[in-house]
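Right, one structure below, let's go through it.
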Amino acid sequence: MSGSVVALAPWIAAQRTSLLAQRGHAWLLQGPSGLGQYALGLELVRAWLCDTPTEQGACGHCGSCHAIDVRTHADLCVLMPEVQMMALGWPLSEKAQADIDDKKRKPSREIRVEAMRDAVEFSQRTSARGKGKAVLVYPAEQMNHVTANALLKTLEEPPGDVRFVLASEAAHQLLPTIRSRCLGHTMVWPPEADMLAWLQAQGIARDAATSFLRAAGGRPEDALALAQSGRSPQAWSALPQAVARGDVTALGDWAPAQVIDALQKLCHDLLAASVGAAPRYFAQADLPKTPPLGALTRWSRALSKAARTADHPFNGGLMLEALVAQARNTLHSKQ
């Protein structure tokens, strides 16, 4: 299994128990990122396929649970962009892996039509272990229209023993017809005390957990990812003033998408401050003097535009310098 084992958050366990008590062949788990859609989706399919499930979910010890742990379950089909499958330790199809190994193409950032066709064919096969089959789609909004329509046909007329979990961080982008074929579940946003306790249980000091949770906008899984990325809470707190000085080194080892995300969070907090609202991602004391609203609005639009090309910048170093210069100019703007 990819990465270190993370204890299942209590709010995910509670949602799992609630959903398992309900009947339905297709669930749509929806809500903003960082609330555990993937973790909950995987818990549901583990329970559905488990040899000895309980009301609280899978047993964790049977052949089925082990097969999911080592990513080899014959009755589970996982549909994700290839970059995410690789990050989470799920194997690609032999052809897809060969194409990537031979440098014929890069791993996809959306769910490929070929993978969906394989999933449709999988759903029509007989269950290998006799407990039915499951299809997990995450993040579901990464299907294009062709892929989504291929899934829709199977959702409309599902084979008898297959169940679906679609986990999404932008459910509004899904086809209305797909949303209407699923039972919807909106992810629970847990109390801050519960999130901090869970982060501390992962070995993160309380002060750091508080800082990372703020940096993640109160989203616990995003906070954990920040903590595990090697970033320090002090570096996050110092970021606004560093950007105001035009210090590129404060963001030097970040990917372009991460840089833009951090600058968008800073811009958000300054926009909030300009109308008297509390900041969300940084402590008030860490923010520079608020520039005029017009300058912030222009910066926000420019960052949104930059985000669309963040995954394939023409030159990462030049892009970083340009972004920091743009931020510095905005923070010192008089109009």
- Query: Could you state the principal axis extents of the C-alpha atoms in the stretch 177-335, from the largest down, to the nearest angstrom?
  - Reply: 46, 44, 35
- Item | Calculated FRET efficiency for the pair residue 145/residue 247, C-beta based, R₀ 41 Å, to 0.05 | 0.40
- If the cut-off is a Cα-Cα distance under 27 Å, which lysines reach residue 131, setting aside same-chain residues fewer than 8 apart in sequence? 153
- Query: Tell me, what is the percent relative contact order of the chain, built from C-alpha pairs under 8 Å that lie six or more residues apart?
  - Reply: 17
- Query: What accessible area per residue comes out for the stretch 264-335, rounded to a whole number of Å², with a 1.4 Å probe?
  - Reply: 58
- Compute the separation of the alpha-carbon centres of the stretch 49-83 and the stretch 133-159 and state it in Å as a whole number. 19
- Can you send over the carbon and sulfur percentage of the accessible area for the stretch 1-112, probe radius 1.4 Å, protein chains only? 54
- How far is the Cα center of the stretch 168-226 from the Cα center of the stretch 112-129, in Å? 30
- Efficiency of FRET between residue 238 and residue 124 - r from beta-carbon atoms, R0 41 angstrom, step 0.05: 0.15
- Message: Counting C-alpha atoms alone, how compact is the stretch 62-159: give Rg to one decimal and Dmax as a whole number, in angstrom.
- Response: 13.7, 39
- Relative packing of peptides 163-170, 202-209 - highest average C-beta neighbours within 10 Å first: 163-170, 202-209
- Sorted by mean Cβ packing within 10 Å, highest first, what order do the peptides 20-27, 183-190 take? 183-190, 20-27
- Largest-first ranking of 175, 323 by accessible area, probe 1.4 Å, whole protein assembly kept, is 175, 323
- Message: At 0.890 mPa s and 25 °C, plugging the Kirkwood radius over alpha-carbon pairs of the stretch 1-70 into Stokes-Einstein gives what diffusion coefficient in µm²/s?
- Response: 192
- Message: Tell me the per residue accessible area of the stretch 163-253 using a 1.4 Å probe; a whole number in Å² is fine.
- Response: 47
- Query: Just for the chain, what percent of DSSP beta bridges are antiparallel, to the closest 5?
  - Reply: 5
- Task: Round to the nearest 10 and give me the degree value, 0 to 90, for the angle of helix 145-156's Cα axis relative to the longest principal axis of the chain.
- Result: 40
- Message: Suppose all protein chains stay in the model; what accessible area per residue would a 1.4 Å probe give for the stretch 23-119, in Å²?
- Response: 46
- Item | the stretch 227-335, accessible surface, carbon-and-sulfur percent (1.4 angstrom probe) | 54
- Amide N proximity, the stretch 230-251 versus residue 205 label position 7 Å along Cα-to-Cβ, cut-off under 17 Å: 230-238
- Message: Quick check: convex hull over the Cα atoms of the stretch 202-275, volume per residue in Å³, rounded to an integer?
- Response: 95
- Note on the structure: Expressed in µm² per second, the diffusion coefficient of the stretch 148-205 from the Stokes-Einstein equation, with Rh the Kirkwood radius over alpha carbon pairs, at 25 °C and 0.890 mPa s, is 171
- Query: Distance from the Cα centre of the stretch 15-33 to that of the stretch 274-299, in angstrom?
  - Reply: 38
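The values are calculated or read from the model by the stated rules, or taken from the named source; none is laboratory data. Since the structure is predicted, the reported quantities are computational estimates derived from the model, not experimental observations. Methodologically, a virtual Cβ is constructed for each residue, glycine included, from the backbone with ideal geometry; neighbour enumeration extends over all protein chains shown. These accessible areas exclude ligands, DNA and RNA; they are computed on the full protein's heavy atoms, side chains included. Shrake-Rupley method; radii C 1.70, N 1.55, O 1.52, S 1.80 Å.
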